[in-house]
Amino acid sequence: MITRSLVLAWLVATPLAPLAAQQLTATERASAVATVWAEARYNFAYWDRVRADWDSALAANLKLAAEPQSDLLFWRRLRRLVALLADGQSSVIPPPAVRSRIARPPLLLASVERRPFIVDYAENDEMRVARPDRLGEILAIHGIPAEVWLRDSVLPEISAATPADRWQRAVAWMLQGEKGTTLQLLLRVPGGGERGVSVTRSVSLNDRWPLDPAPFAVESLPGNVGDPDEVRRFDRAFPDFGGVQGLVVDLRRAAGGRSELGYQILGRLAGGPLLAARWKTPEHRAVFRAWNESDSASTWYAPPPDTVRPRDAGPAYGGPIAVLAGSATAGAAEDFLVAFRATGRGVIVGERSAGSPGDAAAFPLPKGWTVQFSVSHHAAPDGSEFAGTGVAPDLPVAPTVRDLLARADPALDKAKAYVSGTRP
């Protein structure tokens, strides 16, 4: 039996114009804060999830903006403001000159049972000397326990809709800071001992991350999985699904991008028309204020869900399908999950997704800065909500430290068992 496994990762970022970044003045910082507040107030699509007092946050951040500070400090403070939206699509994007000063070591980190582990690292001169232990657990940074470091310095700046997604994002970026600075790490190595490692923040936000997965790969199982992220590559890999008797689609690292891409692929897996995720977007009607009615938060433009028709690129696949999801599965990948579930074509295996669907719009700030957040509210084709909670798996499998250290992947094993005919 030939079973195929693939990973879809729609991580397409819109390139920003290379504007020169200058030191922001106090007036420009205040303008940036006010713009973030106003654009979110009238355009953000998930106010029902916000627990913070947005007006009080405006006053506090205007006061902070008046203080003398570097652009890096202002960036961190603005990230804390945007994180109050609890939206995984939200981010503050500084101009290239500022991004060049923000970096992290070339270490791929993962959160397992809320503990930070080094999964891999990119070879460079420093890493060849330091040789940080793969699967080593980070216990402390500069003598500060990792849990305290994350709680006090990282988590407040992380935009996410669920605690699990917020934590995994925090771990992934926990070593980020000013480029060229050194970090002293205390590791617990897989054998149980402890050792210190010195690493430098060398890969800036402008640089290509050296540990990104391959853009496209499809392999028979058992084996590693890849990342087809374009419809045409999917069609080339599966012109007729000849000999494929089981398919595992891995979305555990998929986030961002456009839902249409996933629907086009799903169109060849569903075997017939399928309903896309529902969406609506805020409408602001100023006269409601005169009538003492709520404004854009209560008025929506909400078209009926689209129907996705099968494509003519090749025959549809009729065999069993399992889709892997995790706490980092967000955005367009979550629309894929709810549309896939509505087809009844298979099961979702793994963890709840990130609960951060929606289309993100970018809004300009002074001197080339940008802020983005969700401007569309998405729900499943049947109207059920998953924003803020995530899409629940049919077959739950939570990763454990024991699995990581054993290099086991029980979620993938369960998905393989399902498509091979062993129904859990």
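The values are calculated or read from the model by the stated rules, or taken from the named source; none is laboratory data. None of the values given here were measured: they were computed from a predicted structure. So basically every Cβ, Gly included, is an ideal-geometry build from the backbone, and we count neighbours across all protein chains shown. For accessibility, only protein heavy atoms count, side chains too; no ligands or nucleic acids. Shrake-Rupley method; radii C 1.70, N 1.55, O 1.52, S 1.80 Å.
When we screen VAL308, VAL244, VAL323 for residues that are among the β-branched types (Val, Ile, Thr), over 26 Å from ALA380 (Cα atoms), open to solvent by less than 70 Å² (accessible area, probe 1.4 Å) and at pLDDT 80 or above, the only hit is VAL244.
You will find that of LEU175, LEU150, LEU183, LEU135, the residue that is part of a strand (DSSP E or B) and surrounded by 15 or more Cβ atoms within 10 Å (Cβ to Cβ) is LEU183 and no other. Taking the criterion of being out of contact with any helix residue (DSSP H, G or I) (no Cβ under 6 Å at 6 or more places or on another chain), in a strand (DSSP E or B) and either over 30 Å from GLU39 (Cα atoms) or open to solvent by 40 Å² or more (accessible area, probe 1.4 Å) (or both), the residues of segment 261-287 that qualify are ARG278, TRP279, LYS280.
The set of residues in segment 186-206 being over 15 Å from ARG115 (Cα atoms), part of a strand (DSSP E or B) and either among the acidic types (Asp, Glu) or open to solvent by 30 Å² or more (accessible area, probe 1.4 Å) (or both) consists of GLU194, ARG195, GLY196, SER198, THR200. Would you check if LEU85 is in contact with a strand residue (DSSP E or B) (Cβ under 7 Å, 6 or more places away or on another chain), open to solvent by 10 Å² or more (accessible area, probe 1.4 Å), at pLDDT 95 or above and closer than 20 Å to SER327 by Cβ? So LEU85 fails the test. Restricting to segment 17-55, what's the tally of residues that are open to solvent by 70 Å² or more (accessible area, probe 1.4 Å), at pLDDT below 95 and not in a helix (DSSP H, G or I)? Final tally of qualifying residues: 6. On inspection, LEU72 qualifies as assigned to a helix (DSSP H, G or I), at pLDDT 95 or above and in contact with a Gly (Cβ under 9 Å, 6 or more places away or on another chain). Pairing residues of segment 136-162 that are on the phi > 0 side of the Ramachandran plot with residues that are open to solvent by 10 Å² or more (accessible area, probe 1.4 Å) and in a helix (DSSP H, G or I), at Cβ distances under 9 Å and at least 6 apart in sequence or on separate chains, gives HIS142/TRP149.
Just wondering, is there one or more residues in segment 145-163 that are among the charged types (D, E, K, R) and in contact with a strand residue (DSSP E or B) (Cβ under 6 Å, 6 or more places away or on another chain)? Give the derivation first.
Applying the first criterion (among the charged types (D, E, K, R)) to segment 145-163 yields 147, 151-152, 157.
Then drop every residue that is not in contact with a strand residue (DSSP E or B) (Cβ under 6 Å, 6 or more places away or on another chain), which leaves none.
No, segment 145-163 contains no residue that is among the charged types (D, E, K, R) and in contact with a strand residue (DSSP E or B) (Cβ under 6 Å, 6 or more places away or on another chain).
Take ALA342 and decide whether it is open to solvent by 10 Å² or more (accessible area, probe 1.4 Å), at pLDDT below 95, part of a helix (DSSP H, G or I) and more than 26 Å from ILE93 (Cβ to Cβ).
Judged against the criteria, ALA342 is a match.
Considering segment 153-172, the residues that are touching a Ser or Thr at 6+ places or on another chain (Cβ under 7 Å) and in a helix (DSSP H, G or I) include one that is surrounded by the most Cβ atoms within 10 Å (Cβ to Cβ), namely ASP165. Selection of first residues in segment 255-267 that are more than 22 Å from SER327 (Cβ to Cβ) and of second residues that are open to solvent by 20 Å² or more (accessible area, probe 1.4 Å) and in a loop (DSSP other than H, G, I, E, B), restricted to Cβ pairs under 7 Å at least 6 apart or on distinct chains, gives the following pairs, ordered by first then second residue: GLN264/ARG311; GLY267/ARG309; GLY267/PRO310; GLY267/ARG311.
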